Every structure is written in C-alpha cells, then in structure tokens.
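The values are calculated or read from the model by the stated rules, or taken from the named source; none is laboratory data. Since we're looking at a predicted model, the values are computed, not measured. All Cβ positions, even for glycine, are placed from backbone atoms using ideal geometry, and neighbour counts span all protein chains on display.
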Amino acid sequence: MTTVGVLGAGQLARMLALAAHRLGITVRALDPSDHPCAAPVCPVTQASFTDLPAIDRFLDTLDALTFEFESIPADTIRHAAERLPTHPNAESLRLSQDRVLEKQVFSEVGFEIPRFAPVDSLEDLHTGADHIGLPAILKSRTGGYDGRSQARIHNHDQLADAWAAIGAVPAILEELVPFEREISLIGVRSTTGEIDFYPPVENLHINSTLYTSRAPAELSRAHELEAQHHARTMLERLDHVGVLCIELFLTRNARLLANEFAPRVHNSGHWTIEGAHTSQFENHIRAILGLPLGSTEAIAHSAMINIVGVEPPLAKLLAIESARTHLYTKQPRRGRKLGHVTVTDNDPAHTNALLDRLTAIIPPPPGV
Ligand code: AMP
C-alpha cells in the first residue's frame, strides 16, 4: 500500500486525502494544530514543522511527502527530500515565500509583472513611491496571505501609516494594477515530466480573500496560450512536481500580469472536484507518485463560492438544486475559510443563476 504524507492538515490536506483514498492510496498528515480539519479523514500527527525528530518519525511511515501550505520552512522540505521523494521541491517553496523572489522568477520565465520596489525601511518606501507612483500597494515580503500584511497607499501622507500597519517588516511596494479581471492558471507536472493545465479560472476577491471562482474563464485563446507557455517554462525550470497555481491580472488594455504563485493545490481549483474530469487534488497525488495524469478538461461551466467566517444553515445550501456543498468542520472565526459550494451546468447562464442564489445566502469575506 502507498502512503503519502502531507505537511499541514487543513482543508487542502483533507481534500487531498479524500481524493487519494479513492485510488487506494493512504494519506497521513502532520500539523501543529490540536484540532486540524483533516483529522476526520486521515491520521494526523501533532508536531511543529520544525520538530525534525518528530518529522523523521513521520517520514518513517511514508512513501512520498508533499505539503499543503506555504509557511512550512523550506529547510524541512530539504531535509525530507534527502530521505524520500518530496514534491514540490524546496526551491519552489522558498521562491513562493518571498514576494520579491517570486516576481523575479515570473520575470525570468517571461511573464509580465507589475512595477515593484523592494522596501526595507520607511526611507525605501518614500523612494519606491516616487519611483513607482501612487496609488500602490505595500505587502510584507513573507508570511502574508488573504490580504493580511498589506496596505493600500493613495497619497504620500499615508506612507508612514502603511509602513507601521504592515509592522515595519521587509516588504515590497507594487503599483496598484487597475485590473479588469483576476485569473488563475492551475498547472500540474508529474515526476515523469508530463504537464497539463486546467482551463483558466476567473476569480473575484473581496477584502483580498477569494469569494467566487468561475471556470472556464472568459479569456482569449491567445492569453491562455501565453500564460500556459510561461507557466510551462516555470514548471520545467523549477523542476516543480505537483500542482502549481499562478494568479494573474488581466488589465483593461489586455495585458496579463503575474501577481503570485502557490506551489500547491489552490482554492481557485476547488471547482475541479465536480467540474473537471480529474480534480486538482487527484492530479496532485498522481503527479507526485509518477502516475499518469488524468484529464484536466472541464466537464461543463462551474462556479465555486467560499464560505468564510460564518456558516449558513446547511438546509439552505442544500435547497439549491445541484449545488455541491463541502464543509470543512472548522470552528467559525472571522475571515476563516469554513467551506465552499460548487455548481456545475452545461449552460453558463444557469451556472451564473445558481451562483446568484448562493451569493444571496453566503456573504462575502469580511475585512480582516
Ligand atoms: P495577494 O495576497 O497578492 O494575492 O493579494 C490579494 C488580492 O489583493 C489580490 O487577489 C488582488 O485582488 C489584490 N491585489 C494584490 N496586489 C495587487 C496589485 N498590485 N494591484 C491591484 N490589486 C492587487
């Protein structure tokens, strides 16, 4: 029997485990939390991601290792890779953890990126604002997610407050892109070098947190091919194995700019469970084990909505015909992702109508 280990035991590990189980593959997870949401579906070892003796004992039980979130120390992945197949590799992880390195990689593989400046002091921030212009957005270089550790700056009087708001930590100042749409591209590469892409997804973020995704996105074929071309270069150059998600802005003048990437399964790919021939979770497991990838084609038009902070009554969600509800059994907390719902239909107008009914009962993410 094959056993895959996952560092992190949140909803992504839970959905990876559910997909793996269907293939007769066992998943075990490791997480510091005492109530991890993957626990109902797979055994979870409670330990810190830096506790190497505990991690070594965990590795003893596995055939391969992966991770479900970015804040795992890259050294832990490097350590594991000396003992067993570990994917994605530590370099993909390390680059995704630093917004400046991330932008450099994008640029090297051919993606256009927003103008940016690294910022290490309030003085740098003033220089950066002069150079890039305002409005702009200041983000911590590491550790930020879902809009945390970010501040928007509209005029020079706000620079000192923005610097304080993100905690005066190493940061990046980016031009505020007047995007028309946000798109994500999810690719997957196997240990055998096989690469495939899901149809592009259109994402709506509210308060910097994903609220809805629609797939396939309305994106020109030329843009889709351009994004895939650069993403393929990136997957190969990083020798990345597993799912990789790239978030992009489509500007009003039809430029595609890369914003960030996640070296893992991604929230904007949850629709693939019902909406694609093979889900991102199953393909991630297949990829890291060197199994043939499954078709990434969409079955129909899908929309996914996140349940953040408060859970609507289950009966209300289930009353919407064909809506597929996923609840993660997490304690409700402001800004916390508690579940998602996917609707899939051949007729995009019907998918949109179902999504409208869901947005009426599932409120957008609150600010954090
Ligand atoms: P991020 O953590 O970089 O994904 O940012 C969260 C969200 O903030 C993005 O999905 C966008 O909606 C918005 N955002 C981030 N960076 C920019 C930018 N440079 N210009 C405009 N909006 C941005």
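Based on this model, can you work out whether Ala13 counts as crowded, with 24+ Cβ neighbours inside 10 Å, in a strand (DSSP E or B), at negative phi and under 20 Å from the mean Cα position of the chain (by Cα)?
Values: crowded, with 24+ Cβ neighbours inside 10 Å: yes; in a strand (DSSP E or B): no; at negative phi: yes; under 20 Å from the mean Cα position of the chain (by Cα): yes.
So Ala13 does not fit the description; no.
Tell me the residue from His87, His35, His21 that is at pLDDT below 95 and away from the ligand (no atom under 16 Å from the Cβ), please. Spell out the reasoning first.
Details: His87 fails: at pLDDT below 95; His21 fails: at pLDDT below 95.
Going through His87, His35, His21 in turn, the sole match is His35.
Determine whether the range 53-70 contains at least one residue that is closer than 17 Å to Leu338 by Cα, under 23 Å from the mean Cα position of the chain (by Cα) and not basic (Lys, Arg).
yes
Let me spell it out: the conditions are (1) touching a residue at least 40 places away in the same chain (Cβ under 8 Å); (2) closer than 30 Å to Ser279 by Cβ, and Ala217 meets all of them except one. Which number is the exception?
It is condition (1) that Ala217 fails.
Out of Arg99, Arg78, Arg94, report the one residue that is within 16 Å of the ligand (Cβ to nearest atom) and either surrounded by fewer than 18 Cβ atoms within 10 Å (Cβ to Cβ) or modelled with pLDDT of 95 or more (or both).
Arg99
What's the number of the only condition in (1) within 15 Å of the ligand (Cβ to nearest atom); (2) part of a helix (DSSP H, G or I); (3) farther than 29 Å from Ile72 by Cα that Ala162 fails to meet?
The failed condition is (3).
Residues that are more than 16 Å from the ligand (Cβ to nearest atom): list the strands (runs of 3 or more DSSP E) wholly contained in the range 168-227 that include at least 3 such residues.
179-189, 195-197
Return yes or no: is Ala29 surrounded by 20 or more Cβ atoms within 10 Å (Cβ to Cβ) and in a loop (DSSP other than H, G, I, E, B)?
Judged against the criteria, Ala29 is not a match.
Suppose the filter is farther than 22 Å from Pro365 by Cα and either surrounded by fewer than 24 Cβ atoms within 10 Å (Cβ to Cβ) or in contact with a helix residue (DSSP H, G or I) (Cβ under 8 Å, 6 or more places away or on another chain) (or both); does Phe249 pass it? Give the steps one after another, and end with the answer.
Details: farther than 22 Å from Pro365 by Cα: no; either surrounded by fewer than 24 Cβ atoms within 10 Å (Cβ to Cβ) or in contact with a helix residue (DSSP H, G or I) (Cβ under 8 Å, 6 or more places away or on another chain) (or both): yes.
Considered against the rule, which asks whether it is farther than 22 Å from Pro365 by Cα and either surrounded by fewer than 24 Cβ atoms within 10 Å (Cβ to Cβ) or in contact with a helix residue (DSSP H, G or I) (Cβ under 8 Å, 6 or more places away or on another chain) (or both), Phe249 comes out as no.
I'm trying to understand the selection: among the residues of the range 323-340, which are closer than 16 Å to Thr209 by Cα and not in a loop (DSSP other than H, G, I, E, B)?
If the condition is that a residue be closer than 16 Å to Thr209 by Cα and not in a loop (DSSP other than H, G, I, E, B), then Lys337, Leu338, Gly339, His340 are the ones that fit.
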